[in-house]
Every structure is written in structure tokens, then in C-alpha cells.
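Just below is one structure, and these are the notes that go with it.
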Amino acid sequence: MGDEDWEAEISKPHMSSYVPVFEKDRYSSGANGDTFNRTPASSSDMDDGPRRDHFMRSGFASGRSLGNRDAGESNKRENLSTIGSFGVGKGFANRGFLNNKFDEGDSSGFWRESNDSEDNQTQDRGFSRRGGNELEQHEGTQRTGGPFGSKRPPLSGGGNGDTYQSRSGNGSGRGGYKGLNEEVVTGSGKKSWKSEAEGESGDTQGPKVTYIPPPPPEDEDSIFAHYQTGINFDKYDTILVEVSGHDAPPAILTFEEANLCQTLNNNIAKAGYTKLTPVQKYSIPIILAGRDLMACAQTGSGKTAAFLLPILAHMMRDGITASRFKELQEPECIIVAPTRELINQIYLEARKFSFGTCVRAVVVYGGTQLGHSIRQIVQGCNVLCATPGRLMDIIGKQKIGLKQVKYLVLDEADRMLDMGFGPEMKKLISCPGMPSKEQRQTLMFSATFPEEIQRLAGEFLKSNYLFVAVGQVGGACRDVQQTILQVGQYSKREKLVEILRNIGDERTMVFVETKKKADFIATFLCQEKISTTSIHGDREQREREQALGDFRSGKCPVLVATSVAARGLDIENVQHVINFDLPSAIDEYVHRIGRTGRCGNTGRAVSFFDPESDSHIAQPLVKILSDAQQDVPAWLEEIAFSTFVPGFSGSTRGNVFASVDTRKGKSTLNTTGFSSSQTPNPVDDESWD
Ligand SMILES: Nc1ncnc2c1ncn2[C@@H]1O[C@H](COP(=O)(O)OP(=O)(O)OP(=O)(O)O)[C@@H](O)[C@H]1O
């Protein structure tokens, strides 16, 4: 395909005449007669990373359009791809390129990106043939100008004139903040931690971070703004709850029974909470009784308030001293979460519930100016909400003393304890001054808790901790209608556009596997006149927050995201989640689809299943679907039964899921740390922190 053909390709996508309708039966197993062909390509067709690279650079930077595919082109591309030289003659999405696009000069930068942890997966799926020398070579080139740097003009968005522009072309491939309190991916693909302090003192990791997030609105209406619970909110009461461990206090049935102080009760009322959710019914009395807790409840079911309310109640009862300016602050509570946007959200909840009290909550996270974080803290800090890297940096700078910590909360605890963040969490609990687990109260919350992680959690929790399981541990929220479509890699964009056109303006999150694909798909959708923004770890923090703001406000009803947005984010009116790429881990799937169907509202999730790359997830996916009483396509079952997944045994959840408190089973506690069998989170994104 000649270069000039690209433009036409973008503006005239090959759309199928089929217009999808969001009805369960229409999406199941192709029952509607719609055919979703398996990609007939050989395994080299999965080798889409470089094709994406190519597309992103030559397609957009040079104003060429997305190409549609044909078998002939595919074959040619495949032949080229077997040459083994990445970047040679490959384009995105099976379009096929006859000539070497990479000799155009700028190699743009996807080479270095693919070394990021998020892309490690992609490497598994096709980057593996890339030669180290090439990688180095292109890495070097990339740092001097990203693909979305000065070469590529902003692309027009949808009809409203939005623009989509990833990275702000600051010359840093990492969007300008990398190196500060961020994970640095080593050559082996393993993450290590880079001291933010080091970064800010001008080391080689990147330019100084200057971003100061705007303060949240201070008016009461904004503080207490909330969305309505949905029609299924009352159905929460029918979910079975299991509490394990000794001497669990009884659940409470109403907020009044919690006997909270008047100010807290007022705040609860202003937040629109009239009725407890199950995880709140059980967790609040447990925390009020001073017990350690591991709680697992479905996405969107109110876990944040389940820990915040009793902690604040304790603080009020203990007669907490009003926060005041001090160079060294000694917070009573530390809350950690894996992503910046999530910790900010938790902070806003803490601020809401502590409104009118002397408790001061503060949030600090990576990607923002360290000095700003410190200034927030020194003004007074009772509840510190932090991402792990920034927290460790602040502790290192001796702005935070840990002696007074009575409550340590790990939200998304399974993520906080996996190989990405686990070592950092271990460092935290062994920091000088941090009260031992016997002296503090440790609380862990998530919608998923793999067995292996539960065992690791023992190191953080008192041995008599209580385990609350609301419904099935690791199960998907039943308010989300799940549909799995068999869509080959090269039909995905078409299908996505079809679905989005049918959805109209309803808010939709589209998950993809890599940062560069997020850019690519977002740009592509903008070309299709679908107002889209994106969030991923290569965007500057300012851009991430802007993107989230535009999505929340409805300005951009489509948010293309990597796994950085999979957990915890509570955004009103997200009616659809589309897994353009399925994640490698089923837990990740559960979290992603949990961005919709929250708080008793209903939502829909559609996932593109490409048999070439997603077979490994077929078994756990079937299990998740059937547990949530969703239709399971026959073809998916077939794939599931014909695929061997180590550690997964169809009827029981093996070690992929934990259906119970692992202390009940025969599993032994591993106190030595991270066992060899523990798998790293395969969706290890990028700049989680
Ligand atoms: N008792 C309640 N009554 C009304 N709304 C509630 C109640 N509890 C929580 N909510 C609201 O429900 C939404 C989801 O809560 P939250 O974000 O805490 O869920 P979560 O369980 O932490 O989800 P995730 O697993 O995705 O992190 C929020 O908007 C929250 O304000």
C-alpha cells in the first residue's frame, strides 16, 4: 500500500454493515448470525507491536491513514516479519507493508516503550524476536523525540472539536515525569524503584517534575457530590457474606448501629448514604473493634467507606489533635493504593467524610512536584493517602514520621502485595518508627485476593485477622452484563467502531494492553470522529488528570485506557467497558469490567477474544462468566476445555482464584517473602505510581 493510501484509509474505514445492539443474546456466540472470524493468520500475525509502531509513526506523523487488510498484504507482511528485523516493513493491524517504512529517518520511539513493563506482555506476544542492539539503537533515538512530539500535529477529535494528543512533546519519551519516584524497568523487565529525591536533584532519569495538581473544589456541594445508587443496590443484601477468623464482632445493619459521632453521621447523610452495603455491614464493626481485616467484595460495592468511616470514627473518639504546621508530620493513618488517580479519589472520599472535623487528610502521588507534596504534608496531616513510591520518598525526606501510625490501609491489596509493589510495602512496614503489626491496625481491601497473595498478607497482619468475603472472592460484579466476542486481532478496530457508534454518547472505557496501543486506538477513534481521550503511564500526570476530567464530565465519552485505570476508579455513568484486548490475568478482567455496574447500577462489558492470543484466559473466563450467571459462548467453552492452563482446574478455582480465606485450606503460610511460584502481575503497567 502506498503511503498516500493511508489518508483514505483513516477517513473511510471499512465498516461492516452489522450494527451491534447491546443485547445479551446478540453478542453471545455469534448467535445473531454475525460472524467473527478467527484470525487465519499464523503466529507471526500476533507480532503486532512493530506494526503498531510503524503505524503510529508513519500513519499519523506523516499523515497517512489506517489501512484495511487483505490476505495478500498479510502474507507479504508475514514474509517480511520472518526476516526477523523489527521495524522492517510492518504496519499495524495486518495491513501489510511492502517497503521498509523505518528507513524514513526518525524511529520515533516505540522501541524503547516496548521495554516498559506494560509491554512485556506484548513482547511475549511477538516482540521477542527483537534484537537487543536494535532496541538500544531505537531507544536512543526515541529519547530525543517521541512519536507524539513535534512531528505530529494534534489530531482533531470528534465533532465537538476535541483534540486528541498524547504526550506533550516535551522531548521526553516518558511524558516528562519519569525517573521521579517511578518504577524503572530494568533490562530484565523487572522493576526497581528510583528515588524521587534523586530524580529531582537532576539525575539522568528525566526532567524535573513541576506539575502541581489543581486543588479540588472546596465548596460543600462539590465535596459531597455523588451519584445515585442503582436499581440493584438492594439486591446487595442477598449476597452471601462469610467471615472467617476468631471472635468476629457481629455485623451491623444500619449506620446508627455503628454509633458514629454526629459530624460523621452528617457527612454520611450528605454523601447520600442511607443504607450500608454488605462489606460495610461487616467491616465497620470489625475495624471499630480494633481487629485487622482482609476484606474482599465485588467492585463498586463501597469498600472505601468501609475502611474510612471506622478509622475516622476511631480518630474522633481518640480525640485526635488538630493538625498544625510542623516540619515533621506524624499521621495516624496511612492509606496506600497503586495508582495516582485512585489514591486521589480515596483522598477525596477521606476529605468528604472528615468534613467539619479536625482530621486533615492529605494526598501525595508521583508525577507531581515533590515540593508540592511536602508543602501539603507540613501543613498538617492525620490521614496520609499516598502511592507507594511517593510515600517512600517523603519518608526518606523525613517529612513523615511513622511512630503515630495506628492504621495502615492497603487498598487494592492484592496489587499492593504482588511483585510490583510488594517489596515496597515490605520496606514500608520495616521503616524505622513504623509500629509493628501488633501495635497497628492493618486493613486490606480488594475485589480479588489470589491465594498466593493472601499468604503473603500474613506478614502484614496480626495472626488473628478476620477475613470477610462478600460473595465469591475474585468474582465479577453481577450487575455487569458480560459479553465475549470472538474477534481476531485485525478485526478489532472495525468492531470497536461499530460498537461505539451504536453506543452513542454513553460513557465507555476501552481497555487495551499497551500504552502505545492506547495512543493508537485513541487517535484512530478521533479520526473516526468519536470523541476520545486516553489515560496511560506515558502521559504526563497533567494529561492523565485532564483525560479523566474530560471523561468524567462527558466531554470525551470514550476513554481508552491501559490497566492503569483498571482498578478502583469510580466514575459516574460509565455504562460500558470494552476489552479491546483481554488482559493476561483474570483478576485484571474482573477489575476492568468493574468500572461499570457500580453501586447497584447496571453496566455492560464486551470483550474481544482473539483465540490466537487469549486462549490462556479462556478457562478462568468461563468460570467468571458462569459464576456471575452470564451466558458462556459454546466456542469459548470449547477453547477453555482444549487449553491447558497450569494451576487451573475447571471446577475448583485452583490457585487462580481464592474462593475462601486461605487459612481454612491446607496451604501453608509462606513467611519467607515472595515465593518462586508467585507470578508477577502480568499487566504490570508502567507508571502505576
Ligand atoms: N452505603 C452506600 N450508599 C450509597 N452509596 C455508596 C455507599 N457506599 C459506597 N457508595 C458509593 O458507591 C460507589 C462505589 O464505592 P467504592 O468506590 O468505595 O467501591 P469499591 O468497592 O471500592 O470498588 P472497587 O473494587 O472498584 O475499588 C462510590 O460512588 C461510593 O460513594
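The values are calculated or read from the model by the stated rules, or taken from the named source; none is laboratory data. From a predicted model like this one, the values you see are computed outputs, not experimental measurements. Cβ placement follows ideal geometry from the backbone for every residue including glycine, while neighbour counts extend to all protein chains displayed. Ligands, DNA and RNA are excluded from the accessible area calculation, which covers all protein heavy atoms including side chains. Shrake-Rupley method; radii C 1.70, N 1.55, O 1.52, S 1.80 Å.
Observations on the model:
Conditions (1) within 14 Å of His576 (Cα to Cα); (2) in a strand (DSSP E or B), marked per residue:
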| position | (1), (2) |
| --- | --- |
| Ser463 | no, no |
| Val468 | no, yes |
| Gln472 | no, no |
| Gly475 | no, no |
| Thr483 | yes, yes |
| Ser491 | no, no |
| Lys495 | no, no |
| Ile499 | yes, no |
| Asn502 | yes, no |
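- Restricting attention to the range 393-421, the residues that are surrounded by 23 or more Cβ atoms within 10 Å (Cβ to Cβ), in a helix (DSSP H, G or I) and not acidic (Asp, Glu) add up to 5.
Conditions (1) polar (S, T, N, Q); (2) over 24 Å from the mean Cα position of the chain (by Cα); (3) open to solvent by 30 Å² or more (accessible area, probe 1.4 Å); (4) under 21 Å from Ile239 (Cβ atoms), marked per residue:
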| site | (1), (2), (3), (4) |
| --- | --- |
| Asn266 | yes, yes, yes, no |
| Ala269 | no, yes, yes, no |
| Gln280 | yes, no, no, yes |
| Ile284 | no, yes, no, yes |
| Thr304 | yes, no, yes, yes |
| Leu312 | no, yes, no, no |
| Gly319 | no, yes, yes, no |
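- Scope the range 323-349; condition within 16 Å of the ligand (Cβ to nearest atom), open to solvent by 10 Å² or more (accessible area, probe 1.4 Å) and out of contact with any helix residue (DSSP H, G or I) (no Cβ under 7 Å at 6 or more places or on another chain); matching residues: Asn344, Gln345, Tyr347, Leu348
- Residue match in the range 618-636 (condition: acidic (Asp, Glu) and either within 22 Å of the chain's Cα centre (by Cα) or open to solvent by less than 10 Å² (accessible area, probe 1.4 Å) (or both)): no
- Selection status of Leu461, under 28 Å from Ser244 (Cβ atoms) and either surrounded by 24 or more Cβ atoms within 10 Å (Cβ to Cβ) or modelled with pLDDT of 95 or more (or both): yes
- Which listed residue, of Gly600, Gly594, Gly568, is within 15 Å of the ligand (Cβ to nearest atom) and either of a type in the set (A, V, I, L, M) or in contact with a Cys (Cβ under 9 Å, 6 or more places away or on another chain) (or both): Gly594
- With respect to the stated conditions, Ile320 is in contact with a Cys (Cβ under 9 Å, 6 or more places away or on another chain), aliphatic (A, V, I, L, M) and more than 16 Å from the ligand (Cβ to nearest atom).
- If the condition is being in a loop (DSSP other than H, G, I, E, B), among the hydrophobic types (A, V, I, L, M, F, W, C) and within 12 Å of the ligand (Cβ to nearest atom), then the range 254-277 contributes Phe255, Ala271, Leu276.
- Ala306 vs. criteria within 9 Å of the ligand (Cβ to nearest atom), modelled with pLDDT of 95 or more and not polar (S, T, N, Q): yes
- Test: Ala297 is more than 19 Å from Gly600 (Cα to Cα), modelled with pLDDT of 95 or more, surrounded by 19 or more Cβ atoms within 10 Å (Cβ to Cβ) and within 12 Å of the ligand (Cβ to nearest atom): no
- Among (1) free of Cβ contacts under 8 Å to residues at least 40 places away in the same chain; (2) in contact with an Asp or Glu (Cβ under 9 Å, 6 or more places away or on another chain) - the single one Ser615 does not satisfy: (2)
- Neighbours by Cβ (under 6 Å, 6+ apart or cross-chain): first from the range 564-589, acidic (Asp, Glu); second more than 14 Å from the ligand (Cβ to nearest atom): Asp581/Val512; Asp581/Glu513; Glu588/Val683
- Taken over the range 214-253, residues that are part of a loop (DSSP other than H, G, I, E, B), within 16 Å of the ligand (Cβ to nearest atom) and within 15 Å of Val279 (Cα to Cα) amount to 4.
- All positions within the range 546-566 that are open to solvent by 10 Å² or more (accessible area, probe 1.4 Å) and in a loop (DSSP other than H, G, I, E, B): Gly554, Lys555, Pro557
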